[in-house]
Every structure is written in C-alpha cells, then in structure tokens.
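Written below as structure tokens is the structure these notes are about.
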Amino acid sequence: MNLLLSIMFLFSSMAVSSAPVEVIASSCFLYEEPSFESEKVQAGDIDLVLDFGQTLTLLVEEDDFALVKTAEGQVGYIYKYYISNKDDFEVYPSFNGYVRTDNAVIYNLEFEPTSYKASAGQRVFLYQGFDSEGDFVAVQIVLEDGSLYNGYMLKADIEPDGISATLIVGITIIVAVATIILSLLFIKKKKKKSGSKD
C-alpha cells in the first residue's frame, strides 16, 4: 500500500463513519487512485479481483469512486456503482453504449468466452472508453437475472453513444474525396489560365 493510500485511509477513517457495502458487479478491480487508468491494487503478484457479494467497508466517496477496505485489510478505490448498501436497491451506472448484434458473446476478465450472451440493443457501460487498442472493449452489462457483469465484448459488437464510428469514417472519406476533387479542379483551372496566357 503506498503512502498516499495510507494517508487517505487515516483521513477517511476520521472523516467518515465506516459502513458495510456489498459488491454488486460480477467481478471488478480495486484501484490505487480514483481512476480506471490507475494502477490496480495487488494481492501478492496479481491484480486483486473483487467478486459479486463480497462485503467491503466504505470509507469515503469522491465523485464516481469510493475508497473501500476489504476484510483482509486492503484499501483502494472502486467505481461507486459497483457497490451497494445492503439495505438499498442496486444502483446501475449510466450506460454509454449498446450492443449492435444479437447473441453477442460476453467474455470474462481473462478474455475467455462465457455462456452469457447479449441481445441487440442492450445497453452497456463502457468503463474504459471505446478507443482502447485491440479487438475487445471493457463493458459492464446487466444479465438476465439482474446482476451486473464486468467483462469484455468484441468492438465489432458494440456501438458507443453519440456519433457512430462508421459515420465518422464515412464523413472522413467524403471530406477526403471532396478535397481531392476540389484540388484537381483548382489545378485544372490554374493550368487553363496559364495556358491561355502563352
């Protein structure tokens, strides 16, 4: 545990009365800083993975993340929509994309295919954005039983909210072609002008 987390833990234990919460995502990571880009908290030599139903102690909430402590004493940040007070209803994150294809395979955190499938139009939360490298994108999706599942899906099966990637590519191609045509017309016009002077 780094010095910053130790200081945050001491401060938070004085500032907030700790409360038990439960993990409502199928599995998720604990981060050293309140960001998905942060280093993950380690358990030995591997990333610590929290599982559905695991009880944590909520220390403090800040923006979209919460500082929590595991039963084993590990302290770190978790996306606050992945936890819920046992007495509260489950709260799901605001979704920012949807599934494009029917029966799309959902992969686990080790990129292995699961038996879970997603339907076309089903909403997802892209918790690491859509522009990551590779063929997969990290998603959180609500399964048929109402539980949250953290895993991966193929980029080809996902469409982020807003202007679609296909539309952006299409607009780029149209602009490029228009630029070439206008350039050719300009060059042709210039040649005609220079030819008439000779």
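What follows draws every value from the coordinates through simple rules; no lab data is involved. Note that this is a predicted model, so its numbers are computed, not measured. Every residue, glycine among them, receives a Cβ derived from its backbone with ideal geometry; neighbour counts consider all protein chains shown.
A compact table of results
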{"item": "Residues with amide H under 5 Å from that of LEU59, placed H, sequence gap 5 or more", "result": "LEU67, VAL68, LYS69"}
{"item": "Fewest-first sequence of ARG100, ARG123 by Cβ atoms within 10 Å of each Cβ", "result": "ARG123, ARG100"}
{"item": "Segment THR55-ILE180, extension gain: residue separation times 0.36 nm, minus the distance between their alpha carbons", "result": "38.9 nm"}
{"item": "Taking LEU126, LEU67 and counting other C-beta atoms within 10 Å, the order from fewest to most", "result": "LEU126, LEU67"}
{"item": "Under-5 Å amide H pairs with TYR98, H placed in peptide plane, nonlocal only", "result": "VAL124, GLU159, ASP161"}
{"item": "Fewest-first sequence of THR55, THR179, THR70, THR101 by Cβ atoms within 10 Å of each Cβ", "result": "THR179, THR55, THR101, THR70"}
{"item": "Calculated FRET value between GLU133 and PHE95, using beta carbons and R₀ = 22 Å, to 0.05", "result": "0.45"}
{"item": "Built amide H within the under 5 Å cut-off of GLY129, gap 5+", "result": "none"}
{"item": "Under Karplus coefficients 6.51, -1.76 and 1.60, residue-wise ³J(HN,Hα) of the range 18-24 in Hz, glycine/proline x", "result": "5, 9, x, 9, 10, 6, 10"}
{"item": "For the range 97-106, 3J(HN,Hα) per residue [Karplus equation, 6.51 cos²θ - 1.76 cosθ + 1.60, θ = phi - 60°, Hz, x = Gly/Pro]", "result": "x, 8, 7, 8, 10, 7, 6, 6, 6, 9"}
